[in-house]
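Data block below; observations after.
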Ligand code: 0O2
């Protein structure tokens with residue numbers, strides 16, 4: 001389902017939902033519209049960042065005949081995961097609480113070939129004067145105990161709507177293809193309900209992350225050598 005279908009389906013469902021709850025009709029309709037507006041704002045913020053990343057990638061290609069970005073994925077956190085996260089934080093499930101307390105509703109994941117590309121992109125994103133950096137975490141220089149490596153940014157992104165400018169936070173994870181390979185598989189293994197992750201398995205996964213990081217560094221070295229030769 002694309003974004004437009006998502007909104008159309010939501011709006012089409014509104015009369016049925018309101019009809020089933022005659023006592024709270026007005027409140028429900030209001031909350032629903034607020035939710036739809038929030039989704040629209042976050043989707044738009046994602047588009048702003050993706051457009052900027054696309055421009056950077058093509059500029060690099062024009063100037064240096066190479067692309068720093070291998071792939072870009074984006075997602076809006078599902079309503080279910082938003083509700084779970086609010087509940088975990090002991091907060092009431094309202095659009096307002098989601099907006100104020102969850103900074104990863106809009107998420108973008110960027111994969112690069114080389115470690116140096118990650119830092120180039122992070123630098124560009126954090127130095128745009130209309131982007132407000134809320135959080136910046138370098139899990140490449142400081143990997144998580146699990147072995148997880150990635151560069152995380154949370155940026156408040158301006159969205160120009162018809163009548164006003166609004167800001168929305170977007171979580172951007174930037175990592176190499178190798179880091180992404182590890183993170184995707186580790187996530188799959190850990191979140192399968194049937195698997196029990198023993199400390200031994202966690203240690204094996206951490207060792208895999210170390211080996212992958214070494215390969216990443218070797219690739220970076222080869223890339224630098226070739227570039228210096230060229
Ligand atoms: P999903 O399903 O990917 O969205 P903080 O409150 O800032 O201290 P927080 O909010 O946990 O910490 O943020 P953090 O740790 O900077 O980043 C959270 C996201 O990074 C996770 O999102 C994962 O996407 C990813 N991540 C962090 N640690 C690991 C790890 O050990 N393995 C893997 N595979 N991914 C990791 P969510 O919401 O947990 O999940």
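What follows draws every value from the coordinates through simple rules; no lab data is involved. Since this is a predicted model, take the numbers as computed values, not measurements. Ideal geometry is used to build each Cβ from the backbone, glycine not excepted, and the neighbour counts take in all protein chains shown.
Per residue, what volume in Å³ does the convex hull of the Cα atoms of region 24-181 enclose?
Expressed per residue, the convex hull around the Cα atoms of region 24-181 is 126 Å³.
Given the Cα-Cα distance of residue 88 and residue 160 and 0.36 nm per residue of separation, how much length would full extension add, in nm?
Gain in length upon complete extension: 22.7 nm.
Bin width 5 Å, alpha-carbon pairs only: give the P(r) of region 152-205 as whole percents, running from 0 to the bin holding the largest distance.
4, 15, 14, 14, 12, 12, 9, 8, 6, 4, 2, 0
How would 208, 112, 39 line up from fewest to most surrounding beta-carbon atoms within 10 angstrom?
Lowest to highest Cβ neighbour count: 208, 39, 112.
Return a whole-number percent for the relative contact order of the chain, with Cα pairs under 8 Å and 6 or more residues apart as the contact set.
Here the relative contact order equals 18 percent.
Can you give the extra length, in nm with one decimal, that the chain gains between residue 30 and residue 130 once fully stretched, where that is 0.36 nm per residue apart less the Cα-Cα distance?
Contour length minus the Cα-Cα distance gives 32.9 nm.
Where the centroid of each part is defined by its Cα atoms, how far is region 141-196 from region 66-103 in Å?
11 Å
For each of 159, 110, 49, count neighbouring Cβ atoms within 10 Å of the residue's Cβ, then give the residues from fewest to most.
The order, fewest Cβ neighbours first, is 159, 49, 110.
Enumerate the whole-percent occupancy of each 10 Å bin, from 0 to the last occupied one, for all C-alpha pair distances of region 102-195.
15, 41, 30, 11, 3, 0
Using a 10 Å cut-off around each Cβ, can you sort 190, 165 from fewest to most neighbouring Cβ atoms?
By the 10 Å Cβ count, ascending: 165, 190.
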